[in-house]
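The values are calculated or read from the model by the stated rules, or taken from the named source; none is laboratory data. Treat the numbers as computed from the prediction; the structure is a model and nothing was measured. No Cβ is skipped: glycine too gets one built from the backbone with ideal geometry, and neighbour counts run over all protein chains shown.
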Amino acid sequence: MLFTPSEASVTSLKSHSKRRHAWPLGIRAQVALWTSMVFVLLLLLFGTLFYMQLRATLNHNIDTSLLVRAQHITSGLNYKKKMEQQANGQSPIYEQWQEHKNKAIEMMRLQPNLAVDMEGPVRIIGPDNTEVYSSPTFQVLKLPDAIEQNTSKGKAWIGTVSARDGQEVRLYSLPLIDHGSVYGLVQVGTSLAALDATLNNVIYELVLLGPLVLLLGGFGSYLLACKAFQPIGRLTSAARTIAVGDLTQRVPVPRAQDEVQRLALTFNEMLASLDAMFARQRRFTADAAHELRTPVAAIRSLAEVALSERSEPEMYMHVLQNITSESERLGELIRDLLVLARADEGQASFEHEPVRLDLLAQGAVATMEHLAQERAVHLSVQAREQVQVMGDEARLIQVVLNLVENALVYTNPGGNVTVETGIEQERAILRVRDTGIGIAHEHLPHVFERFYRTDKARSRAAGGTGLGLSIVEWIIHTHGGTIDVQSQPEQGSLFSISLPLARLPGASEGEGDTAKYLEEHVGASKACIKLA
């Protein structure tokens with residue numbers, strides 16, 4: 001489906017609007033919301049664990065109290081039976097124990113420490129499964145068969161049973177054992193109504209406390225988020241002020257060594273980089289306009305002179321030659337500007353093939369020999385070993401030719417220019433050394449900047465564009481290399497290039513093939529450079 005530009009814009013705006021309104025909350029509200037959600041999860045987890053622990057503790061306390069009550073009753077019964085045994089001379093089987101059951105029960109009721117134990121559901125079973133005592137609250141309980149099965153084996157039993165009205169009761173059954181034989185049973189119980197009421201109250205309080213904690217936690221987290229994001233707000237205000245156009249301003253840097261401080265420092269570094277970049281761009285635009293205006297003005301002036309009056313053909317020929325020279329200079333400037341523009345946009349393409357750097361140096365020297373003779377400068381090359389790199393041959397030739405031409409232009413007659421190649425520390429090295437006018441120390445950091453000239457009048461007279469060294473630096477860096485310059489006024493300059501060395505078997509040329517290599521590669525590459 002095809003969209004018109006207006007339809008595409010509307011579609012983009014709608015999708016942006018949907019994304020913008022998908023999460024309308026600010027970052028502070030989001031932090032508060034997420035913190036509140038964490039509070040909810042923690043509250044649920046804490047409430048659940050607290051409820052389970054409280055219920056287990058209360059159940060354990062009830063079971064312990066039932067056990068103590070059963071043991072107290074059993075101790076009272078044993079004490080009474082021993083007294084009757086001593087009075088009546090009965091045997092240890094306690095065959096007459098049942099006759100005194102009422103007296104035993106009455107005695108336990110009268111004892112202060114046993115009166116409490118007899119409250120609630122209580123049942124006492126004597127020998128032959130005879131019920132000695134059963135409280136009214138015990139008679140309404142529904143007893144499971146597991147009680148009799150455990151107590152008949154001399155094992156205690158504890159569990160929860162139900163009354164006829166549905167109320168739950170915790171019941172403990174303790175067998176009475178004498179000389180390994182079970183002769184009776186004590187059962188005590190307590191209602192779980194109080195336990196259920198306590199647990200229900202806890203649930204009710206947690207339910208009431210939860211929203212309050214959630215509200216306080218959300219409000220507190222929002223206040224903390226506002227406090228924490230105050231430095232971000234200050235950074236935003238400062239950035240909004242800077243966005244007006246003054247890149248010299250800087251955002252305040254907090255004293256605390258935290259993420260906000262690192263953000264402020266990073267933002268200031270970015271502003272410094274942008275300021276420097278825009279300054280270079282403004283300077284580049286101004287210099288480019290000035291450099292373009294000079295040859296255009298010269299061509300216009302020459303044309304106006306030629307059209308203003310009739311002259312001899314020789315004069316017209318001279319004017320046309322000057323116009324051609326200025327046009328060539330203008331074309332060279334435009335070509336260099338296009339090269340740097342492509343470099344800035346990352347659109348320049350590079351070949352990646354084996355290149356003999358030593359042969360390129362020899363070819364460059366051979367090519368520039370006529371310029372050296374015109375300027376009466378001795379030009380030589382020192383390439384004692386084969387040096388091979390991986391890269392774009394045409395671009396590397398452009399590097400060597402630019403450096404050699406610069407050295408010849410700024411070397412006085414009678415001086416020397418030497419091109420050296422070699423291998424040092426597994427790196428390919430190329431040096432261009434001259435005995436020319438040199439470069440002052442304050443100019444050295446700027447020699448690779450665009451349109452930078454140490455002597456503008458002399459540079460323009462020499463025909464340079466001020467972009468050659470910038471292009472050289474870009475090409476070398478793109479090949480993974482480095483370039484630096486050392487110079488002293490009136491003592492000459494030394495440009496040194498270091499490139500990654502390539503050692504490919506069978507890729508080197510023999511000495512007898514040098515001329516053929518120069519003819520096929522350097523000549524073709526020069527043509528490519530002129531057409532670039």
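Table for the structure above
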{"read-out": "Any hit, segment 292-302, residues being of a type outside the set (K, R), more than 60 Å from the chain's Cα centre (by Cα) and part of a helix (DSSP H, G or I)", "value": "yes"}
{"read-out": "Index of the failed condition, L208 passing every other in (1) surrounded by 12 or more Cβ atoms within 10 Å (Cβ to Cβ); (2) part of a helix (DSSP H, G or I)", "value": "(1)"}
{"read-out": "Residues (more than 16 Å from N59 (Cβ to Cβ) and surrounded by fewer than 12 Cβ atoms within 10 Å (Cβ to Cβ)) located in segment 187-202", "value": "N201"}
{"read-out": "Of residues in segment 125-151 being under 13 Å from V182 (Cα atoms) and not charged (D, E, K, R), the one nearest to the chain's Cα centre (by Cα)", "value": "N150"}
{"read-out": "Members of segment 311-356 that are in a loop (DSSP other than H, G, I, E, B), modelled with pLDDT of 75 or more and either surrounded by 15 or more Cβ atoms within 10 Å (Cβ to Cβ) or not hydrophobic (A, V, I, L, M, F, W, C) (or both)", "value": "E312, S349, E351, H352"}
{"read-out": "Filter result for A364 (modelled with pLDDT under 95 and surrounded by fewer than 21 Cβ atoms within 10 Å (Cβ to Cβ))", "value": "no"}
{"read-out": "S221 being of a type outside the set (D, E, K, R), in a helix (DSSP H, G or I) and closer than 27 Å to L42 by Cβ", "value": "yes"}
{"read-out": "Residues satisfying the stated conditions in segment 98-152, i.e. modelled with pLDDT under 75, small (G, A, S) and assigned to a loop (DSSP other than H, G, I, E, B)", "value": "none"}
{"read-out": "Some residue of segment 386-393 being part of a helix (DSSP H, G or I) and either in contact (Cβ under 8 Å) with a residue 24 or more places away in the chain or of a type outside the set (D, E) (or both)", "value": "yes"}
{"read-out": "Sole exception among (1) in contact (Cβ under 8 Å) with a residue 24 or more places away in the chain; (2) closer than 19 Å to F448 by Cα; (3) surrounded by fewer than 17 Cβ atoms within 10 Å (Cβ to Cβ) for T248, by number", "value": "(2)"}
{"read-out": "Filter pass, R503 being part of a loop (DSSP other than H, G, I, E, B), surrounded by 14 or more Cβ atoms within 10 Å (Cβ to Cβ) and at pLDDT 55 or above", "value": "no"}
{"read-out": "Which numbered condition A194 fails, given (1) part of a strand (DSSP E or B); (2) free of Cβ contacts under 8 Å to residues at least 24 places away in the same chain", "value": "(1)"}
{"read-out": "Lone unmet requirement of (1) part of a helix (DSSP H, G or I); (2) under 47 Å from the mean Cα position of the chain (by Cα); (3) modelled with pLDDT under 75 for E269", "value": "(3)"}
{"read-out": "Qualifying residue in segment 423-430 (condition: in the same structural domain as A502 (by TED's automatic domain parsing), of a type in the set (K, R), in contact with a Phe, Trp or Tyr (Cβ under 9 Å, 6 or more places away or on another chain) and closer than 20 Å to I476 by Cβ)", "value": "no"}
{"read-out": "Members of segment 482-497 found to be in contact with a Gly (Cβ under 9 Å, 6 or more places away or on another chain) and either more than 19 Å from D434 (Cβ to Cβ) or among the hydrophobic types (A, V, I, L, M, F, W, C) (or both), listed by number", "value": "I497"}
{"read-out": "Selected residue (only one of V387, V399, V404 is in the same structural domain as F495 (by TED's automatic domain parsing), crowded, with 20+ Cβ neighbours inside 10 Å and within 19 Å of G438 (Cβ to Cβ))", "value": "V404"}
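A quick yes/no check of all residues on (1) out of contact with any Ser or Thr (no Cβ under 8 Å at 6 or more places or on another chain); (2) over 23 Å from A376 (Cα atoms); (3) modelled with pLDDT of 90 or more; (4) in a loop (DSSP other than H, G, I, E, B):
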site: V417; (1), (2), (3), (4): no, no, yes, no
site: G436; (1), (2), (3), (4): no, no, yes, yes
site: F448; (1), (2), (3), (4): no, yes, no, yes
site: A457; (1), (2), (3), (4): yes, no, no, no
site: A461; (1), (2), (3), (4): yes, no, no, no
site: G480; (1), (2), (3), (4): yes, yes, yes, yes
site: S487; (1), (2), (3), (4): no, no, yes, no
